[in-house]
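Below: the structure, in structure tokens.
Read-outs: derived from the displayed coordinates by stated rules, not from any lab. Because the structure is predicted, anything quoted here is derived from the model rather than measured. Backbone-built Cβ (ideal geometry, glycine too); neighbour counts: all protein chains shown.
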Amino acid sequence: MFLLSVFAVDADEGINAQLFYNITSNDSRFSIDETGMIRISEAMKADEIAPLTIQVIIYTHRATNLY
């Protein structure tokens, strides 16, 4: 089930502009794909939803950015 989408832009060009998305928590209920779409892998009870925090890190493969 789709939950939300995150979006980022890198001003580098070509392969250096490629971004990777990762959920930093070890909560297996959530997954993120290469486009930044976050999905819930299993149904959640109402008391499990609020408050809900998902931390996402977005990075490139370069050690240093051009911008």
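Quick notes on this structure:
- What the phi angles of the stretch 32-49 give under the Karplus curve with 6.51, -1.76 and 1.60, with θ = phi - 60°, is a coupling list of 10, 9, 5, 9, x, 7, 9, 10, 9, 8, 8, 5, 10, 7, 4, 6, 8, 8 Hz, glycine and proline written as x.
- As a proxy for reagent exposure, Phe7, Phe20 were ordered by neighbouring Cβ count within 10 angstrom, fewest first; the result is Phe7, Phe20.
- Taking a sphere under 11 Å around the Cβ of Met1 and counting the other residues whose Cβ falls inside, with K and R at +1 and D and E at -1, yields a net charge of +1.
- Here the label points at Ala17 and Phe2, each 7 Å from Cα along the C-beta direction, are separated by 2.4 nm in the simple model.
- Neighbour net charge for Glu48 - beta-carbon separation under 15 angstrom, K R +1, D E -1: -1
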